[in-house]
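Taking it in order: structure first as structure tokens, then the write-up.
The values are calculated or read from the model by the stated rules, or taken from the named source; none is laboratory data. None of the values given here were measured: they were computed from a predicted structure. Here Cβ is always computed from backbone atoms with ideal geometry, including for glycine, and neighbour counts include all displayed protein chains.
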Amino acid sequence: MEMINAKPELFGVKPIEFIIDFESEAFVEIAGNHYLFKVGELIGPQMQLYQETERKLPLEDEYTRTYYRTINIKIPKGYHVANANDINIDHSFSKDGKKVLMFKSFYEIEGDILKITADEFYYITKISKEFYEDYRTVINSAADFNKVTLVLEAD
């Protein structure tokens, strides 16, 4: 593990970065001749706003935040990812012509490496009642990514 910009004087000035390289079987299950890889769980539990009641008041977050994640997965020899498109999620909200809320995840495959990018940000802290559904959609996109399980099938 490596931490970049972790000095206290850089807090709020530069983004803190974590570079982690690990091997684990905790996210993998075997189902017949398939492997199920719970890739979404790598970003940890996410807030969910799946309520069905109408929002009555505006919402205020404590702070703006950004999460930019890259996940590189080595695909085992003789396997391919059957449902890689499940990774593709793209929801955002723009205000005054500028994206202010976004969750976007996508992938590319280079040889035996599946490279996933998940870019998430909340640049505004006050959400009016009129734009609450847009906020909820972005928040739930991260929760939806958290549930993505990839199916690795034998070639």
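Below is a table of values for the structure above.
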item: Selection count, segment 22-38, where residues are touching a strand residue (DSSP E or B) at 6+ places or on another chain (Cβ under 9 Å) and farther than 22 Å from Thr70 by Cα; result: 5
item: Residues within segment 107-144 that are part of a strand (DSSP E or B) and hydrophobic (A, V, I, L, M, F, W, C), tallied; result: 7
item: Filter result (touching a Lys or Arg at 6+ places or on another chain (Cβ under 6 Å) and either in a loop (DSSP other than H, G, I, E, B) or of a type in the set (Gly, Ala, Ser) (or both)) within segment 55-66; result: Arg55, Pro58
item: Among (1) more than 15 Å from the chain's Cα centre (by Cα); (2) surrounded by fewer than 17 Cβ atoms within 10 Å (Cβ to Cβ) - the single one Asn85 does not satisfy; result: (1)
item: Pair list, Cβ under 9 Å, 6 or more apart: segment 78-100 residue within 20 Å of Thr66 (Cα to Cα), other residue loosely packed, with under 12 Cβ neighbours inside 10 Å and hydrophobic (A, V, I, L, M, F, W, C); result: none
item: Complete set of residues in segment 1-54 that are over 19 Å from the mean Cα position of the chain (by Cα), assigned to a loop (DSSP other than H, G, I, E, B) and hydroxyl-bearing (Ser, Thr, Tyr); result: Ser24, Thr53
item: Some residue of segment 70-84 being under 21 Å from Ser24 (Cα atoms), aromatic (Phe, Trp, Tyr) and part of a helix (DSSP H, G or I); result: no
item: Residue count, segment 33-61 (criterion: at pLDDT below 90, surrounded by fewer than 10 Cβ atoms within 10 Å (Cβ to Cβ) and either among the polar types (S, T, N, Q) or more than 15 Å from Ala118 (Cα to Cα) (or both)); result: 9
item: Top-ranked residue in segment 88-98 [being within 17 Å of the chain's Cα centre (by Cα) and in a strand (DSSP E or B); ranked as surrounded by the most Cβ atoms within 10 Å (Cβ to Cβ)]; result: Phe93
item: Thr70, sole failed condition from (1) modelled with pLDDT under 90; (2) in contact with a strand residue (DSSP E or B) (Cβ under 8 Å, 6 or more places away or on another chain); result: (1)
item: Answer residue from segment 4-32, given it is surrounded by 10 or more Cβ atoms within 10 Å (Cβ to Cβ) and touching an Asp or Glu at 6+ places or on another chain (Cβ under 7 Å) and is modelled with the lowest pLDDT among those; result: Phe27
